[in-house]
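None of the figures in this text is laboratory data; all of them are computed from the coordinates on show. Predicted model, so just to flag it, every value in this text is computed and none were measured. Here Cβ is always computed from backbone atoms with ideal geometry, including for glycine, and neighbour counts include all displayed protein chains.
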Amino acid sequence: MKGEKNLEDDSYTDAKGRTRWHENDEIALRLLELHTFLIIADYPEDHASRYPRLSHAISRFPEPVSDLIAQERLIEEIGGVGEIIAEIIKEFVETGTSGKLEEFAGDTPRTVVELVPIPGLGAKTIKRLYEEVGVESLVSLRAAIDEGKLKGFRGIGKKTLEKIEAYLDEAL
């Protein structure tokens, strides 16, 4: 059953019948947040592009990432994870953040990460929304929509705008 949660091991079964882990989903989200801050900070895109791929791989990994770390299997088990990224992931597991995220978040408002889970918004669009329209949170995104600031905004068509509004209706 979709969304079925197993309280003993913090796993759940997704819509396709796969066992998924809430902790892996959280780590995956932190990686997407890091990716967004890297893009906003003009980090080289060829390096930043690895984080969404790793996020996807981790969110679908059949074991909790903390088990891989405890057994020193993280680098061998998840493709694309080297020593530096393994350290970032370990920091996320242990503290909920990482030195790299803290470094690249810089002066960007932390609330910008509220935009990361919105369907149809990627890091580049979030960067443009932040820089060109001043969107830095769900509340400011709602205000920008209500004020018509996203009409004709490159990268946000009618369908994407509908997805954004549906997300905001649930979130706010």
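According to a simple spin-label model (label point 7 Å from Cα along Cα-to-Cβ), what is the distance in nm between residue 159 and residue 94?
Result for the modelled spin labels: 4.4 nm.
Listing 68, 150 from the residue with the fewest other Cβ atoms within 10 Å to the one with the most, what is the order?
By the 10 Å Cβ count, ascending, the order reads 150, 68.
For the chain, what is the mean residue ellipticity at 222 nm derived from helices alone (per DSSP H run of n ≥ 4: -39500 (n - 2.57); sum divided by total residues; nearest 500 deg cm²/dmol)?
-15000 deg cm²/dmol
Going by the alpha-carbon gyration tensor, a ≥ b ≥ c the square roots of its eigenvalues, is the range 47-168 rounded (a/c under 1.5) or, if a/c is not under 1.5, prolate (a/b greater than b/c) versus oblate? Before the final figure, lay out the partial values.
Details: a/c = 2.75, a/b = 2.11, b/c = 1.30.
Cα axes put the range 47-168 in the prolate bin.
Let me have the relative contact order for the range 49-151, percent, based on Cα pairs under 8 Å that are six or more residues apart. Mind showing how you got there, number by number?
Numbers: 56 pairs, mean separation 14.5, N = 103.
Value for the range 49-151: 14 percent.
Which FRET efficiency value, to the nearest 0.05, do you get for residue 146 and residue 107 by plugging their Cβ-Cβ distance into 1/(1 + (r/R0)^6) with R0 = 25 Å?
According to the calculation, E is roughly 0.40.
Between residue 13 and residue 133, with labels modelled 7 Å along Cα→Cβ, what's the label distance in nm to one decimal, could you check?
Output for this residue pair reads 4.0 nm.
How would you rank 36, 111, going from fewest to most other Cβ atoms within 10 Å of each one's own Cβ?
111, 36
Pulled fully out, how much extra length does the chain show between residue 45 and residue 69, if you take 0.36 nm times their separation in residues and subtract their Cα-Cα distance? Display every interim value, and only then the final one.
Values: separation 24, 0.36 × 24 = 8.64 nm, distance 2.75 nm.
Working it through step by step, the gained length comes to 5.9 nm.
Where Rh is the Kirkwood radius over the Cα pairs of the range 109-172, the temperature 20 °C and the viscosity 1.002 mPa s, what D in µm²/s does Stokes-Einstein return?
Values: Rh = 11.4 Å.
For these conditions, the coefficient is 187 µm²/s.
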